[in-house]
Amino acid sequence: MTHSLLLLPGDGIGPEVTAQVERVVAALDAGISITKHDFGGASIDAHGVPLTEAALDAALKADAVLMGAVGGPQWAAQPYGNRPEAGLLKLRKEMNVFANLRPAVCFPALADASSLKRELVEGLDILFVRELVGGVYFGEPRGIETLPSGERRGVNTQVYTTSEIRRVAEVAFELALKRTGKVCSTEKSNVMESGLLWREEVQKLRDEHYPQITLTHMLADNCAMQLVKNPKQFCVIVTDNLFGDLLSDEAAQLTGSLGMLPSAAIGARSTDGKLRGLYEPIHGSAPDIAGQNLANPSAAILSLAMALRYSFDQHDLADRVENAVSQTLSDGIRTTDIWMQGCTKVGTTDMGKAIITRL
Ligand code: IPM
Ligand code: MG
């Protein structure tokens, strides 16, 4: 075995889609060893916490971690720090995967599934680089307190340092060099000091080390608007944790392919030369369709392709997996979320099978 992959199936449709990933890994026969741990709500039910020490330890040791999804209504009453989502945030933080790559790609076969007109989204290919282990998600102070007046006060802190901004901008610039070289950096420098620092540091890094990059800056509210007005103006968008959360969801929806989009969270290359990463489909746990063999496993399988590309350095295999998914779509084999007149409607397992056949 040459690569180790930790699977964290998690909640909702997570176990169903990661089961298809397991089948693809077996079909690839590429020396990838799989281990599994409970995660999120499933881990709360079995062990009382969303991320056990054993699961975290396995994640820190694995060459790559692929998760399904976390969360669901049954854990909504958990105290804040013990919710399924808290397990995910802890995992990101402990793995120090500070750069979250979220491609928003419109598959040609799905252009009509977008809520925007075909001509606006056909050929769309945006790469979000979202800062993932800082900002308001982790800033201190935070909490809810009761004031002497009896009124309650909720606090979160948006905070970024130079190095936190530069390391994620560097990832964005490096990836942009393999694309069009265009990067748009997004913040709210008109109202937030942390946004102004973000803008200044990203520009400085560009001027010092990346003269080939065409860098523009855009306020996050304008970016939200431009994404629905003329999304094809963007190539790489680099932004903070919270704006990246919002804008990447918006962009995912406009591709018409929410069930198709993978993501990768990566950190720095470690001393042994490995680039460990946390890979996940962006669609979430979808409790409404869980356990019914309805979920689209494509995003999870494409997340495996990203792991092959970034953490395992297996670019040929990554291409093969991506082509197999694309071919399955073109052949008109679809789960319900992307089904159209004239296509064959299949469930999760048959979609997995169709992809493996084309592999
Ligand atoms: C995401 C999700 C998470 C986030 C939640 C589940 C904590 O929305 O990955 O985009 O807010 O980062
Ligand atoms: Mg989100």
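Assorted remarks:
- Qualifying position, being loosely packed, with under 15 Cβ neighbours inside 10 Å and on the phi < 0 side of the Ramachandran plot, among D313, D331, D337: D331
- Looking only at region 135-164, and only at residues there that are without any contact (Cβ under 8 Å) to a residue 40 or more places away in the chain and of a type in the set (V, I, T), the one that is nearest to G81 (Cα to Cα): I144
- Residues located in region 235-258, provided they are crowded, with 18+ Cβ neighbours inside 10 Å and more than 15 Å from ligand 1 (Cβ to nearest atom): V236, V238, L254, T255, G256, S257
Here is a yes/no grid of residues against (1) at pLDDT 95 or above; (2) under 25 Å from Q158 (Cβ atoms); (3) in contact with a His (Cβ under 7 Å, 6 or more places away or on another chain):
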site	(1), (2), (3)
L205	yes, yes, no
A220	yes, yes, no
Q226	yes, yes, no
N230	yes, no, no
A251	no, yes, no
I266	yes, yes, no
R276	no, no, no
I282	no, yes, no
D288	yes, no, no
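- Residue list for region 258-298, filter: in contact (Cβ under 8 Å) with a residue 60 or more places away in the chain and part of a helix (DSSP H, G or I): L258, G259, M260, P287, I289
- Residue within region 100-111 that is over 18 Å from L258 (Cβ atoms), within 15 Å of ligand 1 (Cβ to nearest atom) and touching a helix residue (DSSP H, G or I) at 6+ places or on another chain (Cβ under 9 Å) present: no
- In the set (1) over 18 Å from N100 (Cα atoms); (2) hydrophobic (A, V, I, L, M, F, W, C); (3) touching a residue at least 12 places away in the same chain (Cβ under 8 Å), the condition left unmet by C343 is number (3).
- Residue in region 128-136 that is crowded, with 18+ Cβ neighbours inside 10 Å and under 30 Å from G332 (Cα atoms) present: yes
- Residues in region 267-286 include at least one that is over 15 Å from the mean Cα position of the chain (by Cα), among the β-branched types (V, I, T) and surrounded by fewer than 18 Cβ atoms within 10 Å (Cβ to Cβ).
- Selection from region 174-185 of residues that are assigned to a helix (DSSP H, G or I) and crowded, with 23+ Cβ neighbours inside 10 Å: A176
- Among (1) within 17 Å of V97 (Cβ to Cβ); (2) away from ligand 2 (no atom under 16 Å from the Cβ); (3) crowded, with 24+ Cβ neighbours inside 10 Å, the one test that S303 misses: (2)
- Among the strands (runs of 3 or more DSSP E) confined to region 1-84, the ones with at least 3 residues that are of a type in the set (A, V, I, L, M) are located at 3-10, 64-69.
- Within region 157-170, the set of residues being farther than 14 Å from E201 by Cβ and surrounded by 17 or more Cβ atoms within 10 Å (Cβ to Cβ) comprises Q158 only.
The values are calculated or read from the model by the stated rules, or taken from the named source; none is laboratory data. Keep in mind it's a predicted model, so treat the numbers as computed, not measured. Every residue, glycine as well, gets a Cβ built from its backbone with ideal geometry; the counts of neighbours run over all protein chains shown.
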